1. Let me make sure I get this right: for region 141-267, a, b and c are the square roots of the gyration tensor eigenvalues over alpha carbons, sorted descending. Under 1.5 in a/c it's rounded, otherwise prolate if a/b > b/c, else oblate. Which is it?
2. Just to confirm the number: angle between the C-alpha axis of helix 87-103 and the first principal axis of the chain, 0 to 90 degrees, nearest 10?
3. Need one number: nm distance between label points at GLU83 and GLU171, each 7 Å from Cα along Cα→Cβ, rounded to one decimal.
4. Within a Cβ distance under 13 Å of LEU101, other residues only, what is the Lys/Arg minus Asp/Glu net charge?
5. Grab the alpha carbons of region 182-495, take their convex hull, and tell me the volume per residue in Å³.
6. How big is the dipole moment of the chain about its Cα centre under a simple scheme where the beta carbon of each Lys and Arg is +1, that of each Asp and Glu is -1, and everything else is neutral? Debye, nearest 20, please.
7. Taking 0.36 nm per residue of sequence separation and subtracting the Cα-Cα distance, how much length would be gained by fully extending the chain between GLN145 and LYS54, in nm to one decimal?
8. Counting other Cβ atoms within 10 Å of each Cβ, which GluC sites (Glu not before Pro) in region 1-59 have at most 14 and sit in a DSSP loop?
Amino acid sequence: MEVKVVSGDITGLPLGAIIVNLFEGVKNPGGATAAVDKALGGLITQLIAEGEIKGKRNEITLIHSMGKIAPERVVVAGLGKEEEITLSVIRGVAAEACRFLRRVGATQVATIAHGAGVGGIDAEKSAQAVTEGAMLGLYTFRKHQTKEAEEGEIEQLLIVERDEEKLAALERGCAGGRIMAEATNLARDMANEPANYMTPTHMAEVAQRVADEWGFECRILEQADMERLGMGALLSVARGSRQPPKLILLNYKGGDPAKSPLGLVGKGITFDSGGISIKPSEGLGDMKGDMAGGAAVIAAMRAIGELRPKVNVTALVPATENLPDGAALKPGDIVQASNGKTIEVVTTDAEGRLILADALCYARKLGLSPVVDVATLTGACHIALGDLCTGAFGNNQELVDRVIKAGEEAGEYIWQMPMYEEYKEQNKSDIADIKNSAGRWGGAITGAQFLAEFVEETPWVHLDIAGPSHAEKDRTYLVKGATGVAVRTLANLILTHE
Ligand code: BES
Ligand code: MN
Ligand code: ZN
């Protein structure tokens, strides 16, 4: 879908549909909605008076214009209460309206920059939110379906503005929104892809392609490199798989070469069976999405490569499968990470922290600082926070605050979890330096405390996305399946990094 900004009067466009809006409780709308209402002989105000249009958030009312104005259909989209309008609301409304119009067969659609009038939202940000909402909400993953979709596609979305002075800001927002949405949809494509396609090798190929396309460096460390670097924890997880493990390194140089790069680390388990500590079979297919953190990191690098901020960023994605096999890691084994620490493997299903341990050690070796890791690390975090919210853990409050703020801007909820010292005791092993599972209670926290042992004093935040990486159903700008969560948060964090 192409999204572009045009100047003019929305009632004059001969398209399949236009989207205007209404705040809850407003009886006499202003702006574009008023213009359309007038052209339709007061039909919208009449429907409001009759109570059919209430303006509730995500309410969709379809009106056929029957030749009274150039557009064939008008959608009046509810924005909810005026005092509750946010960029997330705008993203959601744009998504719901566009999905609705795709269902009724519209191919060309025009909208206004919602909230940028009386709503008081910055015009550029509104255009970005409309673009993101539409592109994210219309996302589909159909590449393995040989039959054509029943629904057509919205080919073009126009953001229409009468005030010439606002056009430049709207264009900037639209361009930024497209970059953010395309990156997010790349992460979704990667995580929706079944594990027989999205192998560690294929993940590395995608990363290489992204780097080539957007002009930054990509290096793939192979098994022999990992052996040379003493990455015993990462290698131990890979032992059960026929797929060669990959440590993907992406390097974007936009800033002062003397400054240490910001580090992004993403968990890239392309399939998590649990290994010898095998998981129950119900819902096991969803574990193809256990590389969503790695996908988010690669996709954020794509956005950065396109946005070209003046910073240095290095991304690391350890990628492997976690499978049972005669050669596989076993419960009770002891493995050694590349910083020399020994790890007792209580369960082979706590594999994420094993591969991240070596990736975090490598981040230290490369001098990356600060470091943010993103991982579908624990079911415990999913249970604690549900699927709307990412858990944040860190050793540096300032960085935690910045990550949460970057999330707010993206409309991604991030909730800080505690890192009290005393939790570390639960990770103590009788026979090694540390163990990879501390049992059931506080599992998200002890998982984070395990990782903390490998970042040492580097300012660091760990984002556990086990809950929000996957959507059970379509909801506003999320589409059932992989959500691409954290891509836009990471991109925002980098854009505001000094
Ligand atoms: N990939 C899982 C965590 C997960 C669970 C992500 C559900 C998304 C949805 C992770 O590797 C795992 O298995 N964690 C274990 C850790 C435990 C054994 C210490 C868990 O959460 O049960
Ligand atoms: Mn696991
Ligand atoms: Zn896992």
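1. Here region 141-267 falls in the oblate category.
2. Between the helix axis and the principal axis of the chain, the angle is about 70 degrees.
3. It works out to 3.9 nm between the two label points.
4. -1
5. Hull volume over Cα atoms, normalised by residue count, gives 116 Å³.
6. 440
7. Length gained, GLN145 through LYS54: 28.9 nm.
8. GLU50, GLU52
The values are calculated or read from the model by the stated rules, or taken from the named source; none is laboratory data. Because the structure is a prediction, the values reported are computed rather than measured. Neighbour counts run over all protein chains shown; Cβ positions are idealised from the backbone, glycine included. With ligands, DNA and RNA removed, areas are computed over all heavy atoms of the protein, side chains included. Shrake-Rupley method; radii C 1.70, N 1.55, O 1.52, S 1.80 Å.
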